[in-house]
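Asks: Quick one: structure below, then a few questions.
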Amino acid sequence: MSLKAVVTGGGSGIGLAAATLLAERGMKVACLDLNPPGEPFIGIKADVTDDASVRTAVAEAAERLGGIDVLVNNAGIGAQGTVEDNPDSEWHQVFDVNVVGMVRVARAALPYLRRSEHAAIVNTCSIAATAGLPQRALYSATKGAVLSLTLAMAADHIREGIRVNCVNPGTADTPWVGRLLDAAPDPEAERAALNARQPMGRLVSAEEVAAAIAYLAGPEAGATTGTALAVDGGMQGLRLRPTS
Ligand SMILES: NC(=O)c1ccc[n+]([C@@H]2O[C@H](COP(=O)([O-])OP(=O)(O)OC[C@H]3O[C@@H](n4cnc5c(N)ncnc54)[C@H](O)[C@@H]3O)[C@@H](O)[C@H]2O)c1
């Protein structure tokens with residue numbers, strides 16, 4: 001029996017890599033995105049800030065997949081600045097996508113997940129939830145909320161047989177980070193600084209994050225719920241001595 005997965009933000013970066021890996025492992029995958037991908041996925045246009053759009057898209061995904069076993073809540077957007085820099089409208093918008101977006105999709109998917117023998121939700125959180133990063137006040141606040149939401153959802157749904165976990169990527173080499181680098185005054189220097197911030201000295205790949213998502217989503221993680229799996233080149237856990 002092949003499991004059925006819904007991946008939000010499945011049109012790019014980490015979401016697309018996760019959808020690709022889940023499909024390689026035999027799952028049927030529907031990608032919900034503002035810009036959904038085509039074959040081999042079921043691409044469904046959806047805006048996670050619009051409850052009606054989410055409900056319609058999740059129902060369509062369940063219909064075309066024949067149910068939902070796995071939800072990868074991954075769609076997200078960034079924001080830069082200190083608490084002095086972002087207007088209220090941007091605070092509301094980024095929370096709407098990164099936090100309430102996950103709530104909307106989970107809410108719509110839960111009736112299907114309850115009918116699954118292997119139900120799992122994986123939320124894409126971030127190193128920004130567990131480490132203080134400069135110029136990321138708003139973004140970090142949303143990811144801190146995602147971490148807490150993951151734990152609360154894991155508690156609420158454990159007796160329904162639904163596991164809920166999150167992955168905490170470090171800076172990952174995705175189109176999003178490419179856009180950030182392009183916008184920097186000196187993209188090469190910016191890339192070098194981001195590489196150096198991670199103890200492994202390099203960015204994380206989307207495929208490495210996808211592998212963690214696929215693990216948490218699959219039946220082999222059947223005893224794992226309410227956890228955050230760091231995929232961050234050692235950024236959260238390690239404190240190295242300087243090289244020189
Ligand atoms: N790239 C990183 O360094 C990094 C690090 C930690 C966490 N993350 C998280 O990983 C997730 C994916 O990021 P990425 O780097 O792959 O970004 P990305 O920009 O490459 O992909 C994000 C996808 O989400 C979609 N999306 C955005 N807003 C949407 C909306 N309102 N409704 C539906 N879809 C929407 C976009 O169309 C896009 O396809 C995000 O939650 C992000 O916070 C990324």
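The values are calculated or read from the model by the stated rules, or taken from the named source; none is laboratory data. Please read all numbers here as calculations on a predicted model, not as lab measurements. Here Cβ is always computed from backbone atoms with ideal geometry, including for glycine, and neighbour counts include all displayed protein chains. Ligands, DNA and RNA are stripped out before the accessible areas are found, and what is left, the full protein with its side chains, is counted by its heavy atoms. Shrake-Rupley method; radii C 1.70, N 1.55, O 1.52, S 1.80 Å.
Asks: Hey, quick one: spin label on GLN135, modelled 7 Å out along Cα-Cβ, who in the range 78-98 has an amide N within reach, i.e. under 12 Å?
Replies: 79-82
Asks: Picking from ALA128, GLY26, VAL204, whose Cα lies most toward the positive end of the charge dipole for the chain (charges on Cβ: Lys, Arg +1; Asp, Glu -1)?
Replies: So the residue we want is GLY26.
Asks: Which aspartates and glutamates, on any chain, are close to LYS143 with Cα under 13 Å apart, when same-chain ones fewer than 8 places away are left out?
Replies: ASP96
Asks: Can you spot the lysines whose alpha carbon is less than 18 Å from LYS28's alpha carbon? Ignore those fewer than 8 places along the same chain.
Replies: LYS4, LYS45
Asks: Tell me the accessible surface of TRP91 in square angstrom (1.4 angstrom probe, heavy atoms of protein chains only), to the nearest ten.
Replies: Using a 1.4 Å probe on the heavy atoms, I get roughly 60 Å².
Asks: Hey, another quick one. State in Å² the accessible area per residue of the chain; use a 1.4 Å probe, count heavy atoms of protein chains only, and round to the nearest integer.
Replies: With the other protein chains kept in place, the chain gives 47 Å² per residue.
Asks: Size of the dipole of the chain about the Cα centre, Lys and Arg at +1 and Asp and Glu at -1 on the beta carbon, nothing else charged, in debye to 20?
Replies: Dipole size: approximately 680 debye.
Asks: What Cys residues in the chain are without a partner cysteine, judged by a Cβ distance under 4.7 Å?
Replies: Unpaired cysteines in the chain: CYS31.
Asks: Something else about it: Can you tell me the dipole magnitude for the range 119-244 around its Cα centre, using point charges on the Cβ only (Lys, Arg +1; Asp, Glu -1), in Debye to the nearest 20?
Replies: Using Cβ point charges on Lys, Arg, Asp and Glu, the range 119-244 gives about 360 debye.
Asks: Give me the percent of the accessible area of the chain that comes from carbon and sulfur atoms, probe 1.4 Å, all protein chains in place.
Replies: Percent of accessible area from carbon and sulfur atoms in the chain: 54.
Asks: Still on this model: Using a Gaussian network model on the chain with a 10 Å cutoff between Cα atoms, which of ALA230, ALA155, ALA212 fluctuates the most?
Replies: Maximum fluctuation in the GNM of the chain, among the listed residues, is at ALA155.
Asks: So, one more: Work out from phi, with θ = phi - 60° and the Karplus expression 6.51 cos²θ - 1.76 cosθ + 1.60, the ³J(HN,Hα) of each residue of the range 161-173, listed in order in whole Hz, and give x for Gly and Pro.
Replies: After applying 6.51 cos²θ - 1.76 cosθ + 1.60, I find x, 10, 8, 9, 9, 9, 10, 10, x, x, 5, 10, 7 Hz.
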